[in-house]
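The next block holds one structure in the form of structure tokens; read it before the comments.
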Amino acid sequence: MSCTNKIAVVTGGLGGIGTAICRRLSAEGAKVIATYHPSEADKVPGWLADQAGDTEAVVGDVANAADSARMMGEILAKHGRVDILVNCAGITRDTTMKKMTPEQWDAVIDTNLSSAFYVTQPVWNSMIEHGFGRVINISSVNGQRGQFGQANYAAAKAGMHGFSMTLAYEGATKGVTANTISPGYIETAMTAAMRDDVRESIISGIPMRRMGTPEEIAHAVAFVADDNSTYLTGANIPVNGGLFIH
Ligand code: CAA
Ligand code: NAP
């Protein structure tokens, strides 16, 4: 696979899956820009020291339209274009419908779904003008099948694929592809925060009987981002150990 000399932006780049994606795209030859939330600033120097290749980190709150536009505008001004955009930032606020508050709903919709629009829109026209683009939205198995306690998250993640499918139509004759990757349960801080009994019960229901690794998601991202993945668009690629086969 190859992403040689491509400019790649990964939101949530300092997170578990984001870091693996940054490393993999860098290994495939891309210049990688990881975006991070202001609250993660302390982690940046150590994180950058751990990266090989041509990687930098840029701050921005992807749940905020104005800050996302500023961040993406600065990246465009500095690098001239964005070839690969991976919308990976995300959060959970799990609770049942009985107890879910508007704040929990809004936080998850803003961070996981609206963010994809806020970050992609400022670079979309530039991708079309350059005749090349790969928009890759990191959704979830739970956007495909729902999950007890995740009305907000499942709605946001399902919405991401609606977004991908529409961008796929609009970019199809312009060299710009848009795809969704839907991971199953992956070993990161997000799943470590789950109740132990819930996590163990979910793992016992996964046909492969284990969670996935961030590198297994990064592998799918590299495939979609690859220079030769020219006819792949509008897809929702499951990487879930068989948890949801349909
Ligand atoms: N299935 C069936 N019933 C469940 C249940 C489940 N998974 N979880 C809770 N319940 C029941 C409880 O038994 C209880 O029933 P009663 O009222 O009859 O006693 C009722 O629901 C309420 O339980 P809680 O008080 O525990 O509810 P809560 O609102 O505090 O929390 C929850 C529920 C912790 C969110 C729980 O539903 C849960 O953990 N669900 C799984 C969430 C999940 O998978 N999160 C993934 C996070 S990682 C991620 O999201 C990455 C990714 O994309 C895969
Ligand atoms: P993670 O380690 O928590 O990474 C998420 C990253 O997003 C963190 O760096 C987080 O920063 C950042 N972020 C959150 N809100 C942000 C905001 N408003 N602006 C900018 N950055 C923000 O979790 P992960 O498991 O790697 O998840 C990455 C993506 O994969 C998420 O979209 C998640 O929904 C999806 N996913 C994960 C799994 C899984 O099982 N782990 C499965 C399916 C899909 P903070 O640390 O400051 O919050």
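The values are calculated or read from the model by the stated rules, or taken from the named source; none is laboratory data. Source: prediction; values computed, not measured. Using ideal geometry, Cβ is built from the backbone for each residue, glycine included, and neighbour counts are taken over all protein chains shown. Calculation scope for accessible area: heavy atoms of the full protein, side chains included, ligands and nucleic acids excluded. Shrake-Rupley method; radii C 1.70, N 1.55, O 1.52, S 1.80 Å.
Here is how the numbers come out for the structure above:
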item: Residues (among the polar types (S, T, N, Q) and either more than 14 Å from S140 (Cβ to Cβ) or open to solvent by 40 Å² or more (accessible area, probe 1.4 Å) (or both)) located in region 212-246; result: T213, N228, S229, T230, T233, N236
item: Failed condition for A65, given (1) away from ligand 2 (no atom under 13 Å from the Cβ); (2) surrounded by fewer than 21 Cβ atoms within 10 Å (Cβ to Cβ); result: (1)
item: Count of region 86-109 residues which are of a type outside the set (A, V, I, L, M) and touching a helix residue (DSSP H, G or I) at 6+ places or on another chain (Cβ under 9 Å); result: 11
item: Elements of type helices (runs of 4 or more DSSP H) in region 94-191, at least 2 residues being within 16 Å of ligand 2 (Cβ to nearest atom), at pLDDT below 95 and buried (at least 21 other Cβ atoms within 10 Å of the Cβ); result: none
item: Single condition G18 does not satisfy, out of (1) out of contact with any Phe, Trp or Tyr (no Cβ under 9 Å at 6 or more places or on another chain); (2) buried (at least 16 other Cβ atoms within 10 Å of the Cβ); result: (1)
item: Members of region 171-209 that are of a type outside the set (A, V, I, L, M, F, W, C) and without any contact (Cβ under 8 Å) to a residue 40 or more places away in the chain; result: T173, T191, R195, D196, D197, R199, E200, S201, S204, G205, P207, R209
item: Residue match in region 35-51 (condition: surrounded by 15 or more Cβ atoms within 10 Å (Cβ to Cβ), within 25 Å of K174 (Cα to Cα) and not small (G, A, S)); result: no
item: Tabulated pairs, region 149-166, first more than 12 Å from ligand 1 (Cβ to nearest atom), second open to solvent by 30 Å² or more (accessible area, probe 1.4 Å) and not in a helix (DSSP H, G or I), C-beta under 8 angstrom, 6+ apart or interchain; result: H161/N236; S164/N236
item: Test: residue in region 195-202 that is within 16 Å of ligand 1 (Cβ to nearest atom), basic (K, R) and in a helix (DSSP H, G or I); result: yes
item: Search result, residues across region 75-106 that are over 20 Å from the mean Cα position of the chain (by Cα) and away from ligand 1 (no atom under 11 Å from the Cβ); result: A77, K78, H79, G80, T101, P102, E103
